[in-house]
Each structure stands twice: as structure tokens, then as C-alpha cells.
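See below for the structure under consideration.
Where a number appears in this text, it was derived from the coordinates with a stated rule and is not lab data. On a predicted model such as this, the values are computed, not experimentally measured, just so you know. Ideal geometry is used to build each Cβ from the backbone, glycine not excepted, and the neighbour counts take in all protein chains shown.
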Amino acid sequence: MRNKSITLLLITCFLLVFMPAYAQGQTLGYKALDLLKKRSYVELDSLLEELQTALERDLGKDFVYRTTWDAFDRPNPAFERLLNEWISSRPQSPYGYLARATYYHASGWKSRGTKWAHETSADQFSQMEHFFQKAILDLDKADALKPGMLLSSTIRIDIAKATSDPSIKKLYYTALAKYPLSFLLRQAYANTLLPRWGGSFEEMSQLIEETRPYYSKNQQLRAVESILLIELGDREFSNHNYKKALNYYNEAITLGESPEQYYVKRGKTLFQLELYPSALNNFSRALSINSFNHDAIKWVFTLELYMSDWTVAIDGAKRYLEIDPDHDYAYHALGISYHELCNYDNALENEQIALTLKPQEELYLRHYRTIKKSIDDKRRCDESGNNWVCKQKKCIGKEK
């Protein structure tokens, strides 16, 4: 066991030193998931301890740090059971609690949804707060075992933003004292200063001015200036001014090393402009930066539906369901793709699941009826001794 831990430590050190930043975090994230599934908790703790040490040694490494931890950012109830086993086996590990807090944080946002507050129900807010409270309890345990972990601070800031907690500024400046070169920390704080969360452009401008002296030490910090442009782009996008939104997103991406979510936003805008290949390129770029990004995975399989690449759409929808097994649209995407490939049993099964999750969705009901019709038409065609042509969904008589 000791030799395995030493070997893993050496491999982790090699990755953090020699691999490109994009590849480092993804490789370590997949390794962490593999160790979790194998119940190799000692090795898993060693990997995450080295990641934390590397961050403290090189304060500009937070991109690698975040991408690795994003592997745990998945609101899948089956995933919670794995995290519970890890904590039960190693209750003195801060990383088990931090990983479960990440899961609860993701589950809270999933419960709330992405719509504006006035479009969100009281029950959704209640579920969000339930998961956020559980996340805070786990963060308290993690911090008691290992104070000052960066991810704990950014999750706390994000939860404080969503719950209108006045402690945001104190959380930020306390963490900044330890991580003065962190883009991740500034990004979390900057999001709380946006007008939609009760902040202002003046406060954002002040944050930018405070950050500029550090550009020479971490070039990625230039991307802090892009957060304002992204906010302006989001406003235009929500007002359906897609060309104006695209201009803001283009400008934002030219500033510093852009987070993958910027490419997702630009991809969504290009999708609305019906520039599908360009949209797909942006989503693919986002996944090359961070293959754990939920939005990018979802939009890739959505685009493949529009581009009629049914097999790739199936793979993408299945991958997304590993993250969120209750996502109704992913099952609908499987229903469409299997139907187009004339795999009617799988098409019907997945469309039924989509309807179970969202019974009143007219889109799913219409497609369910379409699948049933294809099944009936094919059965009658087979019984008549004729040929069913899958692509055309037509019955053609056999040549005599």
C-alpha cells in the first residue's frame, strides 16, 4: 500500500510539473474518480494532498486545482453514496468532506435551476437551501481538519451570493491573503458584484483596479476584466440580441486565458444564430479546457441532434446522464436518436423516462406518439411481408 501511494505521488508531481495546464487538471480529475470508484482512499487522499501542496507552492496553479475538483461536481445521488463510503473509511481526511460539499453545492444549484428568482418556486429555493446547508456543514468539517483550502472559500462565497449572506467580503479578503494570485477566487467574488446579484459595475471596476498590479505574476488574472464583458453579453443574450452578445463574448475571450464557460456562452449564442458548426467548435473548445463542464457536454449532444449525428448524440447524452441521471432532456435526446436509428424499443423506453420526469412536456408527448406510430407501422409492414425502410420510415413492397 505504501509503495502504491509513493508511486501515485511521483506520478502526480510529474503531471503537475510537465503537462500543459489544461491536461493536468483533467488527467488528475479522472484519476481521482477512478480511485474513488476503486475505494482506494489512501491514494486518493495522497493525490488531493499533493494538489493542495502544489497550489500553495505555485499560487497561479488554481486552474489545474479547479479542473481536478470539478470531477466531483456532479449531482448524482449514486455519487453521494461513494463519497459517504470514503468519509466513513477515512473520517480524518479533509478531502472527503470537501468532495461531498462539492456534490451538495452542485445539487443545490440543480434544485434551484437557472431561471431568474421571480421564475423560481419557493420549493426550489427550499431544496437549494437544504443542500447548501449540508455543504456548509461538510466545509466546516473540512476546514477544521485543514484550514484555508481554496475550494472551501470559493464554495462558501458562491453559497453566500445565492443566499444573500453579508459575509461575502470577509470570506473573500481572508482567502485572498493566502491566495493573492488566484483567478478562481477573484472570479467567485466578482460574480457576487454583478448587478444581477445586487452589486454594481463600479464595484467590479474597483476589483479590476485592485487586481491589475498582479498581472505580471499571473497572466490569467487579466481575464478578471472580461467578467464585465461577459455580464454585458449575458444581458444582450437574455434580450435575444444575439449579435450584440456575440460581440461582447468575442471581446471577452481576447482578454487573458479564458475559462471554458466563456466558450460555452459563445457557443450558445452561435447556436441561436444557427451557426451550428461554429457553435460546436466552441463547445468542443470548452471541453478541451475542462471535460467536466456540464453545459458543454449537454450542448454538444444537443447540437449533434440538430446536425443529425445520432450515434454521437447518444454517446453525449449517456455521458451527461452519468453526471445528472434525472435530466429529462437527455432521455428525450436518446429517444430521438434511437428512433432515427430505428431502435424503437430503446427509443420508447427513453422517451417514457423523459415523460416520467416531466409528464406535461408537450415536446416529449408528441415524440412519444411518433415512436408509437413507427412501431405500429413497422409491425404492420412486417406482417404484410414487405420491407420497412428505416431512413424514410416507410413500408415498401418486396420485388417479385
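Observations on the structure shown:
- Within straight-line cross-link reach of residue 244, aspartates and glutamates at Cα separation under 14 Å, skipping those fewer than 8 residues along the same chain: 231, 234, 236
- Phi-derived couplings, Karplus 6.51 cos²θ - 1.76 cosθ + 1.60 at θ = phi - 60°, listed residue by residue for the stretch 273-278: 8, 6, 9, 5, x, 5 Hz, with x used for Gly and Pro.
- Label-to-label distance, residue 281 versus residue 210, with points set 7 angstrom from Cα along the beta-carbon direction: 3.8 nm.
- For the chain, with +1 on Lys and Arg beta carbons and -1 on Asp and Glu, the positive-most of 272, 136, 392 along the dipole: 392
- Counting 0.36 nm for each residue step from residue 88 to residue 56 and taking away their Cα separation leaves a gain of 8.7 nm.
- Label of the coordinate-derived value, Kirkwood radius over Cα pairs in Å, listed as [x] 23.1; [y] 22.4; [z] 21.4: [x]
- Highest-fluctuation residue, 278, 384, 308 considered, GNM on the chain with Cα pairs under 10 Å: 384
- Spatial separation of Cα centroids for the stretch 47-96 and the stretch 300-371, in angstrom: 32
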